[in-house]
Amino acid sequence: MDPTRVWIDQALLVTGIAAYVTGALVLLGYFLLRNPALRALGLPLAIVGCAAQFAELGTRWWMTGVWPLTNLYGSLSLFSALSVLIFLVFAYRYDLAVIGGLVLALAAIALGYATTWNEGYMPAVPALQSYWIKIHVPIVVAAYASFMVAACVSVL
């Protein structure tokens with residue numbers, strides 16, 4: 001495995017987690033204080049974290065040639081990225097930045113937990129070597145992410 005590609009993969013992962021944690025704290029401050037400067041800082045952090053997550057998944061695919069959603073690490077990583085992406089759409093469309101602290105905190109927790117299941121860069125088991133995995137997993141994970149954002153809205 002090329003050490004430069006591994007370094008890029010790890011740097012994107014750390015960037016995503018750091019952006020989610022920092023963004024969660026800033027947007028929690030926005031929820032409590034309603035200071036527009038906190039909103040203006042928190043939403044770009046969410047964008048950076050989300051972009052880093054999608055780039056990290058793409059980097060894994062580029063590094064190995066294996067679809068990255070064949071294990072729990074990839075699925076949880078996609079879950080956190082899609083949760084933040086769905087939040088960002090609703091934050092800009094319906095001015096719901098107040099839920100960002102909770103959404104980003106849960107995304108950071110999911111991504112942190114995903115790192116404990118990181119099995120490295122192994123190929124998929126034969127049962128998962130089907131074209132359906134490229135359709136089924138993203139749709140199911142998007143449904144879970146949508147539900148998580150909806151749950152955050154109803155909790156707050």
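Would you work out the charge dipole size for the stretch 4-122 about its Cα centre, treating the Cβ of every Lys and Arg as +1 and the Cβ of every Asp and Glu as -1, and quote it to the nearest 20 debye?
220
How large is the accessible surface per residue of the chain, computed with a 1.4 Å probe and reported in Å² as a whole number?
I get 52 Å² per residue for this part.
Along the charge dipole of the chain, pointing to its positive end and built from +1/-1 on Cβ of Lys, Arg, Asp and Glu, which listed residue (Pro68, Val103, Tyr92) has its Cα farthest out?
Towards the positive end, the residue furthest out is Tyr92.
For every helix of n ≥ 4 consecutive DSSP H residues, a contribution of -39,500 (n - 2.57) applies; sum these over the chain, divide by its total residues, and give [θ] at 222 nm rounded to the nearest 500 deg cm²/dmol.
Counting only the DSSP helices, I get -27500 deg cm²/dmol.
Could you work out the percent of alpha carbon pairs in the stretch 69-121 separated by over 16 Å, rounded to a whole number?
When every Cα pair of the stretch 69-121 is considered, 42 percent fall beyond 16 Å.
Can you pull the semi-axes for the stretch 1-98, root of five times each eigenvalue of the Cα gyration tensor, sorted largest first, whole Å?
They are 29, 14, 9 Å, listed largest first.
Which percent of Cα pairs goes in each bin when the distances of the stretch 13-156 are cut into 10 angstrom slices starting at zero?
Taking all Cα pairs of the stretch 13-156, the binned fractions are 13, 43, 29, 12, 3, 0 percent.
Quick check: at a probe of 1.4 Å, how many percent of the accessible area of the chain sits on carbon and sulfur atoms?
Result for the chain: 73 percent of the exposed heavy-atom area is carbon or sulfur.
The values are calculated or read from the model by the stated rules, or taken from the named source; none is laboratory data. Since the model is a prediction, treat every value here as computed from it, not as a measurement. Heads up, the Cβs are rebuilt from the backbone with ideal geometry, glycines too, and the neighbour counts pull from every protein chain shown. Heavy atoms of the whole protein, side chains included, go into the accessibility calculation; ligands, DNA and RNA do not. Shrake-Rupley method; radii C 1.70, N 1.55, O 1.52, S 1.80 Å.
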